[in-house]
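The values are calculated or read from the model by the stated rules, or taken from the named source; none is laboratory data. Remember, it's a predicted structure, so these values are computed and weren't measured experimentally. Every residue, glycine as well, gets a Cβ built from its backbone with ideal geometry; the counts of neighbours run over all protein chains shown.
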Amino acid sequence: MLEGVKPDQIPFDQLFAAEGPIILRGLVSDWSLVKAGEQSPGKAMEILQSHSSKKPVGVYIAPPEAEARFFYNQDCTGFNYQSKYLQLSDIFAQIREAENNPDHSYYYMNSLTLDNCFPGLRADNDLSFDHQAFTNNQPLSKVWVGTESIAAAHYDVPSNLACCVLGARRFTLFPPEQIHNLYPGPLEPTPGGQVITMVDLKNPDFERFPRVRRALEAAVVVDLQPGDAVYYPSMWWHQVEALSPFNIMINFWWLRSPAYMGNPMDIVMHAIMGIRDRPEAEKNAWREVFEYYIFGPADTPREHLPASIQGALGELDDDSIRRLRALVKNKLNR
């Protein structure tokens, strides 16, 4: 845990070297939006409203019986919430009404691009990313607003620095290897575009999901108050609970790898098509191929080849990735 870090003094080298989450207590306590929230949720709503683009925003609306957990419906053919586009003022009016109703619906505006939805808000609610890692790769900032909510555990490819602006928030985090114990759900459909655990981590069914005990033993639970932040590395699973009647979080996502590399999940989908259902001996052989070409040292497969014939085995850049992508697309279309 780090304390006393200012928004323009973030020790990114320390974060990059971390093998797990790091809490930054009070990192954004001087943000104007945090200060407004200390006065009242209404003051924070006023600031968001004053910076609103005036365009309708996406909101998930779950019924009272969802108990704030935004999840699948009973047969996993859809979700237990509705998705709508509404004016921000109308959403805030419904949230205000819900505050005094113990049997209320839940409202969740998730992953709104900060600059598009609230232009100008970053002027005094921002972090400094003055580090060489961000020279050509500035983080993407998102805002998350709503009533109580539970976003089921999932992983993201980018690294994340999540800032608690208003309301208490709890992160339950798991290292990537716990995927084997978290019982991931279907690849499609998914809430928010990411595979989620099928386990209700607040009330786990150990008979149905016995391995989740191991995941919970490895879990890191982080409780944040307004002004606090937490960093966690790429591919860490995380359940995020907004615990107050009104909550705001702003987060910053970034990739350490070049954007032209694409989404590794596309390769997983292709491997499911081409490898998963082969005989076990063949699968084992392909595991060795992946170890040689993908997970082992990048120099090994090319060290004995002249540069002129290395092709995809050589150093990759934007141009070579484009050629390789076209080649793969061609093969997939056969």
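Considering only residues of region 88-111 that are at pLDDT below 95 and under 21 Å from the mean Cα position of the chain (by Cα), which is farthest from E148 (Cα to Cα)?
So the residue we want is S111.
Is region 128-143 home to any residue that is touching a strand residue (DSSP E or B) at 6+ places or on another chain (Cβ under 9 Å) and over 24 Å from Q14 (Cβ atoms)?
Looking for residues that are touching a strand residue (DSSP E or B) at 6+ places or on another chain (Cβ under 9 Å) and over 24 Å from Q14 (Cβ atoms), one finds at least one in region 128-143, hence yes.
Six or more apart or on different chains, Cβ under 6 Å: which pairs go from a residue in region 197-218 that's closer than 11 Å to A153 by Cβ to one that's among the acidic types (D, E) and modelled with pLDDT of 95 or more? Could you list them?
Going by the 6 Å Cβ cut-off, there are no qualifying pairs.
Among the residues that make up region 208-215, is at least one of them modelled with pLDDT of 95 or more, in the same structural domain as Y60 (by TED's automatic domain parsing), under 29 Å from F92 (Cα atoms) and β-branched (V, I, T)?
no
Looking at (1) modelled with pLDDT of 95 or more; (2) polar (S, T, N, Q); (3) surrounded by fewer than 16 Cβ atoms within 10 Å (Cβ to Cβ), which one does N247 not meet, given that it meets all the others?
So the condition that N247 fails would be (3).
Do any strands (runs of 3 or more DSSP E) entirely within region 75-181 hold 2 or more residues that are surrounded by 15 or more Cβ atoms within 10 Å (Cβ to Cβ), and if so, which?
106-113, 140-146, 149-154, 159-166, 169-174
If I ask for residues that are assigned to a loop (DSSP other than H, G, I, E, B) and either touching a strand residue (DSSP E or B) at 6+ places or on another chain (Cβ under 8 Å) or small (G, A, S) (or both), which ones from region 44-62 would you list?
S52, S53, P56
Quick one: how many residues across region 118-135 are basic (K, R) and either touching a Cys at 6+ places or on another chain (Cβ under 8 Å) or over 21 Å from G227 (Cβ atoms) (or both)?
Going through region 118-135 one residue at a time, the tally reaches 0.
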